[in-house]
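See below for the structure under consideration.
Nothing in this text is a laboratory measurement; each read-out follows from the coordinates by a stated rule. Please read all numbers here as calculations on a predicted model, not as lab measurements. Here the Cβ is made from the backbone with ideal geometry for all residues, glycine too, and neighbour counts use every protein chain on show.
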Amino acid sequence: MCGRYTLKTASEIVAKHFQLPAPLPTQACYNIAPSQLVSCVRTIPECTMREGTLMHWGLRPSWSKASSTGAMLINVRAETVSQKPAFRSAFRQRRCFIIADGFYEWQRRGSSKQPYYIRLHTEQPFAFAGLWEHWTEPDGAIRETCAILTTEPNTLIAPLHHRMPVIIPPHHYNLWLDPHVQELNQVQTLCCALTLPKRWWPSPSADKSMIHATMIPPALSQWSYLRIHSQI
């Protein structure tokens, strides 16, 4: 699954990477959590241009009546997304990117959990495969919400967790974002774990004095920490 991630890359770099007309008005964040406004990219159907926008992380189907945080869906299983009524329409017409430059996973070790941080070895931003929906608040206001697709883990993530977020490679950006591509089998082929070569190194010590700020996001510096570098 994916329940926490980072986006600390400058908004100008994000806009250039995703070919956006203007940077998003965001600040660096080392601990993005459900219900927060998150940076997303989607295509405007009328002109096929990409746009950057902010959405609430936690998808609510448009027909949902619930307004509590318990009704939010932050992750959606890629294997069944095209079969579920709650997601079928969004998967066909409202696909998006949820922008990140790293994410966290926790490995259970007995009664405790060890946090890991996963990122590209280039430290560049990347695209979580996302879905978005309109949802009407009780007061009539329109809220746009989103969720991250997850899939079976690759060999790097499997020792940590039984799920991982779907990451769309740059050469498939146009296909994923194109709302006119509605052949579900074609889109479904993108919903798999990255299988490119990877490597990882643990930090040399769990002693906090040996963990540098460049290695650990400040919001998480109180944890003993292991870094994973993903070569993709």
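Shown in residue order for region 52-64 are the 3J(HN,Hα) couplings computed by the Karplus curve 6.51 cos²θ - 1.76 cosθ + 1.60 at θ = phi - 60°: x, 8, 10, 9, 7, 7, x, 6, 10, x, 4, 8, 5 Hz (x for Gly and Pro). What percentage of all Cα-Cα pairs in region 117-193 are separated by more than 16 Å? Distances greater than 16 Å cover 61 percent of the Cα pairs. Extension gain for Q124 to S112 (0.36 nm times residue separation, less C-alpha to C-alpha distance): 1.2 nm. Just report the Cα centroid separation between region 180-195 and region 82-132, whole Å. Their Cα centres are 15 Å away from one another.
When D101, D139 are ordered from fewest to most other Cβ atoms inside 10 Å of their Cβ, what list results?
On the way: D101 20, D139 5.
Taking fewest neighbouring Cβ atoms as first place, the list is D139, D101.
If R0 is taken as 35 Å, the Cβ-Cβ distance between T48 and A141 corresponds to a FRET efficiency of 0.80.
Around L37, with a cut-off of 11 angstrom between Cβ atoms, what is the net charge of the other residues, counting Lys and Arg +1 and Asp and Glu -1?
Numbers: positive: R143; negative: E144.
Computed value for this residue: 0.
With a cut-off of 12 Å between beta carbons, the residues surrounding R163 carry a summed charge of -2, where Lys and Arg count +1 and Asp and Glu -1.
Taking region 13-103, which chymotrypsin sites (Phe, Trp or Tyr not before Pro) meet the DSSP loop condition and have no more than 14 other C-beta atoms within 10 Å? Intermediate values should be presented prior to the final figure.
Details: sites: F18, Y30, W57, W63, F87, F91, F97, F103; in loops: F18, W63, F87.
For chymotrypsin sites (Phe, Trp or Tyr not before Pro) across region 13-103 that sit outside H, G, I, E and B with at most 14 neighbouring Cβ atoms in 10 Å, the list reads W63.
With θ taken as phi - 60° and the Karplus curve 6.51 cos²θ - 1.76 cosθ + 1.60 applied, the whole-hertz 3J(HN,Hα) list for region 169-178 is x, x, 6, 10, 4, 4, 5, 5, 7, 6 Hz, x standing for glycine and proline.
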